[in-house]
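Participant: Provided herewith is a single structure, encoded as structure tokens, for subsequent inquiry.
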Amino acid sequence: MNKRLEVKKTYKMYIGGAFPRSESERYYSLKDKNGNQIANICRASRKDFRNSVVAARKAQSGWASRTAYNRSQILYRIAEMMEGRASQLAEELVLEGLSSKKAVEEVNEAIDRVVYFAGWCDKFQQIFSTVNPVAGSYFNFSVPKPTGVVSVIMPEKSSLLGLLQLILPAIAGGNSVIVLLPQNNPLAGLTFAEILHTSDMPGGVINILSGFREELLEQFASHMDVNAVIYGGSDTESLKLIQEQASKNVKHVVVETSNNFFDESFKNPYCILDLQEIKTTWHPVGI
Amino acid sequence: MKKEISNIPDFTKTVPIDQVNVEERVAKLNTRSIKKESKMFALKLAMQMIDLTTLEGSDSPGRVKQLCHKAMRPYSSDADIPKVAAVCVYPTYVRIARETLKGSGINVASVATSFPSGWAPLKTKLEEVRYCVEEGADEIDMVISRGEFLKGNFSYIFDEVAAVKEACGPAHLKVILETGELQTLDNVRKASDIAMYAGADFIKTSTGKISPAATQPVTLVMLEAIRDFYYKTGVKIGMKPAGGIRDSKTALRYLVMVRETLGNDWMNPDMFRFGASSLANDLLMQIIKQQTGVYQSADYFSKD
Amino acid sequence: MNVTDQQKRYTLDFGTGWAYDPAPESTDHISLKKKYGHFINGKFVEPAEGNYFETINPATEEKLADIAVGSKADVDAAVKAARKAYDKVWSKMPASERGRYIYRIARMIQERAREFAVIESMDGGKPIRESRDVDVPLAAAHFFYYAGWADKLNYAFPGRTPAPLGVAGQIIPWNFPLLMAAWKIAPALATGNTVVLKPAETTPLTCLKLAEIMQEAGLPDGVVNFVTGAGDTGAAIVNHQDINKIAFTGSTAVGKLIQRSIAGSGKKLTLELGGKAANIIFEDAPLDQAVEGIVNGIFFNQGHVCCAGSRLFVQEGVADAVHQKLTDRLETLIVGDPLDKNTDIGAINSKEQLDRINSYIEIGLNEGAAITQSSCSIPSKGYFCRPTLLQNVSQASRVVQEEIFGPVLTIQTFRTPDEVLEKANNTPYGLSGGVWTDKGSKIFRMTSGIDAGVLWANTFNKFDPTSPFGGYKESGMGREGGLHGLLPYLKI
């Protein structure tokens, strides 16, 4: 029997719940270590990023105003859908250079991490809220509210677990995100977009771009309708540039220098708090 | 002559009042520092605004006469001390007060309408009012039927006040809300509105028989009701806090509230009264202190 | 609302009759030195370059004292002292002992409260009623609140072990000099950090008086250092290599500069910046109290308040009534001598700020705004501004968009909750907001819809040490006050 000619997958980006190629129609080739072509990857333009911000802004308030229970269920649904496509994700991690064993470990940990943060969706508020005993006849309380639209620059390593560790705290907390995937390891992230699409996650809450970091870094940090930027990496020049650009609209900058996202210390609600605004409300108590 | 008031509001609706904010406003007004000439002016003004009152079961003709003399000449050693605005007595003492005060320019006020509880048939109340006016009362202090008010029977209160007003004829009508029984400031506001739209010339906090009597927050809410009524109709209604105002410091605080809520047009005995008895002596002591620079003792001032 | 279309209004007379005689707070118990150096390592020291500038009383334009200009060398000396105190003393001290020092400071401020209030009013122009009843008691309360946290930090962040950052560089504004110093110093010390703080150049005196308290309290040398000066001194703090944390309260423009200058430095940052808060009055609001809330929202501290309710939104049905009440209320505001106990609105903090406010009023008029000002007289000497209302303004007006930082209120009307929510959030700022309605569910819909850090429902401009304060968007990052106010000074 002749060997069947396989259908090769076209990897596309995920913006506003749709799977477009770059509006610029630019691409780059992803090759394995032997130089064989794996796939053509969209090379996101600044305009793609801009469109993503529009989509993220549009989606954010709706996402934040869903019940925490609903957000939690949607995150859990993502884990369910990942489980079904675990082998594909693992294969892609292998294509990105991981051993099969490591790839499976990473996929499993990634799914577990989704479940972990799914559980925080309706709990972190209780950890971080306070009722403040002000000296007067007032009821006064403080609650965390999402910062808004968050741009995320991924580190080169840990393309799946790292992705989830960087975006889940933002998403669990009601923010929307635009992620720039690792330039050389975008496959699992792009497949994750397809998983999102089948998991009840509203379009625009998570937007996933592939492309060149040095081309987009400044945009990610400077866009005036982005409220926070997460930088995964430890390049001091890049960080300086990001922090400088972030000052244009007083963006929060969250830095994650670690490469080992398996570390247990990542499992905590404080990373959710990094992307929350504490809102305090006063009201008189009287008749 | 009062002009016709149209557009009577729907009293089942409540004008919301926020208690905490009212109390804070009062506290802020209380930080006003009244010194020197402005203090002397205010002390004398407060004296002229007093409805010198005796409303006791033990009242006697002698006591009423004594009160009237005190009203005309609060401090025998100083003729410059102004006289009070009115003497307020029970209906049976109106005639005695009228005669004693003859020619003094001091009004006779009488509580009527089954003061203080108001539990009597309307017919009886109206007869009492007419009796007081016939006996020579210039001013009638009526009580509203709080039982009906708290039941939500607002039209009863409206009709009651309107009927009493009619019975008053030429006499001025002060409507006592008995705010201590109304409990909430929303209710105080509502009762004030009903009374004013029904024809009150003055609104008054309390009978003095229920605690709390006049308080600053209640008075502020009533002053603001008067202001809104004026804004809407152009008619100026008077205000009388009664009960519990015993010292000059408190009286001055009330005057500050009036000054800063309603302005100068209300800073006279035609528009503002204190229902009080012991206040007069404290004002006297303060006035003498201001004049002499020496702190005074109550022993040097006649009690009645 | 069109002012010319209004029906005949019945007016109240606040101009004649009984007026309050002057009631000046006495100043004979105040002792100020002619000249103040920096407070470094527990001592007042001469500035390295020997330069001084004047701090004046904005109500009289008279000089109060000469104040040292902080150079890089001065800042460096202060940072060295703070570092040494951090390494050798403060980080090693048992937390409970740290707390006891802070308690002492709180108590000493209470003991000297009137002195602080008078100096605050002299140096900054704010009415004595506010410095006496708000600034100074709140400053003491802030120290008192954070003192108690010092040995309880492990309970503040479950599952974490908090640790101090090191040396905190703090730069504060001129609108609440002592209170802002308290907001900065108290949590920094409670969490185990040491401090280099620069007060604003127009209002350094209460900080320098606070230095005396630090001495009296026996606070170890170098734990708190004050370097006085203007922008250059601030920049020297921001850019100093050995500072771990920058906390700044001031304008958004300067906040952005600071964020930019510390990029890549690894310094942790807290910013409390500008605001342009919406104060929203629904037709079912308790209107008389709302009017007081509007007045307190915009005229408190001459409007020199970052969270001031400077944009008033009134639902159309009550717009006329609110305007009438507000216009009458303006007439009872007493503008004048900050030291008079009856003054409601004191002096504008500086000539520069007065010019800025006046230029905004001019801009508003050029944009077609209708102006209502109190008819009060204002002193001929000193910097004063009448309370001002601007109507006929739109979202596009500069007076609606930009922070004026003065007693100037813009008034817009609205019809629906959605409309006003959109307008309220249509600003780069997000510090505070106000909502007035008698309907509970509407309050929560509105307060959760406004993107701002502090929401006052049926109240405005309330502050408390237990209550976190800070903004969204360009109003800043981080919170001050409450449990959340510990976080900016800790690694967790």
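The values are calculated or read from the model by the stated rules, or taken from the named source; none is laboratory data. Since this is a predicted model, take the numbers as computed values, not measurements. No Cβ is skipped: glycine too gets one built from the backbone with ideal geometry, and neighbour counts run over all protein chains shown. Please note that ligands, DNA and RNA were not included when accessible areas were found on the heavy atoms of the full protein model with its side chains. Shrake-Rupley method; radii C 1.70, N 1.55, O 1.52, S 1.80 Å.
Participant: Tell me the accessible surface of C:Ile171 in square angstrom (1.4 angstrom probe, heavy atoms of protein chains only), to the nearest ten.
Facilitator: Taking all protein chains as shown, C:Ile171 has close to 10 Å².
Participant: Okay, next question. Rounded to the nearest 100 Å², what's the accessible area chains B and A bury against each other, both chains counted, probe 1.4 Å?
Facilitator: Chains B and A together bury approximately 500 Å².
Participant: Then there's this: What is the distance in Å between the Cα centres of the stretch C:217-252 and the stretch B:125-148?
Facilitator: 73 Å
Participant: While we're here: Largest first, how would C:Ser261, A:Ser65 line up by accessible area (1.4 Å probe)? Mind dumping the intermediate values first?
Facilitator: Details: C:Ser261 60, A:Ser65 90 Å².
Result of the area sort, largest leading: A:Ser65, C:Ser261.
Participant: May I ask which of A:Lys248/C:Lys276; B:Lys165/C:Lys325; C:Lys72/C:Lys184; B:Lys39/B:Lys70; C:Lys126/C:Lys268; C:Lys245/C:Lys423 have a Cα-Cα span longer than 27 Å here? Kindly include the intermediate steps, with their values, before the conclusion.
Facilitator: Working: A:Lys248/C:Lys276 18 Å; B:Lys165/C:Lys325 30 Å; C:Lys72/C:Lys184 22 Å; B:Lys39/B:Lys70 23 Å; C:Lys126/C:Lys268 32 Å; C:Lys245/C:Lys423 35 Å.
As for pairs spanning more than 27 Å Cα to Cα, those are B:Lys165/C:Lys325; C:Lys126/C:Lys268; C:Lys245/C:Lys423.
Participant: Of all DSSP beta bridges located in the stretch C:275-457, what percent are antiparallel, nearest 5? Display every interim value, and only then the final one.
Facilitator: Numbers: 4 of 25 bridges.
Restricted to the stretch C:275-457, the bridges split so that about 15 percent are antiparallel.
Participant: Using all alpha carbons of chain C, what is the percent of pairwise distances in each 10 Å bin, ordered from the shortest bin to the longest?
Facilitator: Per 10 Å bin, starting at 0, the Cα pair percentages come out as 4, 20, 30, 26, 15, 5, 1, 0.
Participant: Next question. Alpha carbon centre of the stretch C:70-119 versus the stretch B:266-281: separation in Å?
Facilitator: First find each Cα centre; the distance between them is then 55 Å.
Participant: Still on this structure, please answer the following. Not counting the cut sites, what is the longest span of chain A without GluC sites (Glu not before Pro) that DSSP labels loop and that have at most 11 other Cβ atoms within 10 Å?
Facilitator: On the way: sites that count: A:Glu6, A:Glu25.
The segment A:26-287 is the longest one with no such site.
Participant: Considering only DSSP beta bridges where both residues belong to chain C, give the percentage that are antiparallel (nearest 5).
Facilitator: On the way: 22 of 62 bridges.
Roughly 35 percent of the DSSP beta bridges within chain C come out antiparallel.
Participant: Can you classify the stretch A:1-41 as rounded, prolate or oblate using the Cα gyration tensor, where a ≥ b ≥ c are the square roots of its eigenvalues, rounded means a/c under 1.5, and otherwise it's prolate if a/b beats b/c and oblate if not?
Facilitator: Details: a/c = 3.21, a/b = 1.58, b/c = 2.03.
Here the stretch A:1-41 falls in the oblate category.
Participant: Give the dimensionless ratio obtained when the Cα radius of gyration of the stretch C:275-457 is divided by 2.2 N^0.38 Å. It would help to have the intermediate numbers written out before the result.
Facilitator: Details: Rg = 15.5 Å, N = 183, 2.2 N^0.38 = 15.9 Å.
Taking the Cα Rg and dividing by 2.2 N^0.38 Å, one obtains 0.98.
Participant: Further, regarding this structure: With 28 Å as the limit, write out which pairs from C:Lys33/C:Lys256; A:Lys145/C:Lys152; A:Lys279/C:Lys267 have Cα-Cα distances beyond it, or answer none. Could you put the intermediate results ahead of the total?
Facilitator: Working: C:Lys33/C:Lys256 36 Å; A:Lys145/C:Lys152 26 Å; A:Lys279/C:Lys267 25 Å.
Beyond 28 Å: C:Lys33/C:Lys256.
Participant: Using a Förster radius of 41 Å, what is the FRET efficiency between A:Asp200 and A:Glu105 based on their Cβ-Cβ separation? Nearest 0.05, please.
Facilitator: In this case the efficiency is close to 0.90.
Participant: Which whole number in µm²/s is D for the stretch B:19-291 by Stokes-Einstein, with the Kirkwood Rh taken over Cα pairs at 37 °C and 0.692 mPa s? Kindly include the intermediate steps, with their values, before the conclusion.
Facilitator: Details: Rh = 18.5 Å.
Calculated translational D: 177 µm²/s.
Participant: Using protein chains only and a probe of 1.4 angstrom, how many square angstrom of B:Met40 are accessible, to the nearest 10?
Facilitator: 30 Å²
Participant: On a straight-distance basis, which lysines could pair with A:Lys101 in a cross-link, Cα separation under 30 angstrom, same-chain partners fewer than 8 positions away excluded?
Facilitator: Within the straight-line limit of under 30 Å, A:Lys101 reaches these lysines: A:Lys3, A:Lys8, A:Lys9, A:Lys12, A:Lys31, A:Lys33, A:Lys157, A:Lys267.
Participant: So how much accessible area does C:Lys442 have, in Å² to the nearest 10, using a 1.4 Å probe?
Facilitator: Accessible area of C:Lys442: about 40 Å².
Participant: Same structure again: May I have the pair-distance distribution P(r) for the protein assembly as shown, computed from all Cα-Cα distances with 20 Å bins from 0 and rounded to whole percent?
Facilitator: Going out from 0 Å in 20 Å bins, the protein assembly as shown shows 12, 35, 31, 16, 5, 1, 0 percent.
Participant: For A:Leu196, C:Leu487, what's the largest-to-smallest order of accessible area, 1.4 Å probe? Numbers along the way, then the final one.
Facilitator: Working: A:Leu196 0, C:Leu487 40 Å².
The residues order as C:Leu487, A:Leu196, largest area first.
Participant: Also, quick follow-up: Return the loop-located trypsin sites (Lys or Arg not before Pro) in the stretch A:1-108 (DSSP other than H, G, I, E, B) with at most 10 other Cβ atoms within 10 Å of their own Cβ; answer none if there are none.
Facilitator: Passing both the DSSP loop test and the Cβ count: A:Lys3, A:Arg4, A:Lys8, A:Lys33.
Participant: I need the P(r) histogram for the stretch A:39-284: all alpha carbon pairs, bin width 10 Å from 0 out to the longest distance, whole percents.
Facilitator: Binned Cα distances yield the sequence 8, 32, 37, 17, 4, 1, 0.
Participant: Chymotrypsin sites (Phe, Trp or Tyr not before Pro) within the stretch B:218-298: which are DSSP loop residues with at most 12 other Cβ atoms inside 10 Å? Provide the component values of the computation, followed by the final result.
Facilitator: Details: sites: B:Phe229, B:Tyr230, B:Tyr231, B:Tyr254, B:Trp266, B:Phe272, B:Phe274, B:Tyr295; in loops: B:Tyr295.
Sparse-neighbourhood loop chymotrypsin sites (Phe, Trp or Tyr not before Pro): B:Tyr295.
Participant: When the helices in chain C are scored as -39500 (n - 2.57) per DSSP H run of 4 or longer and the sum is shared across all residues, what 222 nm value do you end up with, to the nearest 500 deg cm²/dmol? List each step's numbers first, then the result.
Facilitator: Numbers: 14 runs with 169 residues, N = 492.
It lands at -10500 deg cm²/dmol.
Participant: Same structure again: Select from the stretch C:63-168 those trypsin sites (Lys or Arg not before Pro) which occupy a DSSP coil region and have at most 16 other Cβ atoms within 10 Å, ordered by residue number. All intermediate terms of the calculation are to be shown ahead of the outcome.
Facilitator: Numbers: sites: C:Lys63, C:Lys72, C:Lys80, C:Arg83, C:Lys84, C:Lys88, C:Lys92, C:Arg98, C:Arg100, C:Arg104, C:Arg107, C:Arg112, C:Arg114, C:Arg129, C:Arg132, C:Lys152, C:Arg160; in loops: C:Lys92, C:Arg112, C:Lys152, C:Arg160.
Taking the stretch C:63-168 and a limit of 16 other Cβ atoms within 10 Å, the loop trypsin sites (Lys or Arg not before Pro) found are C:Lys92, C:Lys152, C:Arg160.
Participant: Per residue in the stretch C:8-29, which ones lose no less than 30 Å² of accessible surface when going from chain alone to all protein chains (1.4 Å probe)?
Facilitator: C:Tyr10, C:Leu12, C:Asp13, C:Phe14, C:Trp18, C:Tyr20, C:Asp21
Participant: Please compute the average number of Cβ atoms from other chains found within 10 Å of each residue's Cβ in peptide C:460-467.
Facilitator: Working: counts 2, 1, 7, 2, 9, 3, 9, 12.
Average neighbour count from other chains, rounded to a whole number: 6.
Participant: Return the average number of partner chain Cβ atoms within 10 angstrom of each residue Cβ along peptide B:32-40. Mind dumping the intermediate values first?
Facilitator: On the way: counts 6, 11, 6, 7, 4, 3, 7, 3, 1.
That average works out to 5.
Participant: Further question: Less than 9 Å Cβ to Cβ from B:Asp282, Lys/Arg counted +1 and Asp/Glu -1: what total charge do the surrounding residues give?
Facilitator: Numbers: positive: B:Arg246, B:Lys249; negative: B:Asp247.
Spelling it out: positives minus negatives among the neighbours equals +1.
Participant: Using Cα positions and a limit of under 14 Å, work out the aspartates and glutamates in reach of B:Lys190, with same-chain residues fewer than 8 apart set aside.
Facilitator: Candidates past the 8-residue exclusion: B:Asp10, B:Asp18, B:Glu148, B:Glu178, B:Glu181, B:Glu224, B:Asp228.
Participant: Let me ask something additional. Looking only at other chains, what is the average number of their beta-carbon atoms within 10 angstrom of each beta-carbon in C:327-334?
Facilitator: Numbers: counts 0, 6, 2, 0, 2, 5, 1, 2.
Averaged over the peptide's residues, the number is 2.
Participant: Sticking with this one: Please report the spacing between the Cα centers of the stretch A:143-167 and the stretch A:181-226 in Å, no decimals.
Facilitator: 10 Å
Participant: Please give, to one decimal in nm, the separation of the simple spin-label points placed at A:Lys123 and A:Val54, each 7 Å out from Cα toward the Cβ.
Facilitator: Reported label-point gap for A:Lys123 and A:Val54 is 4.0 nm.
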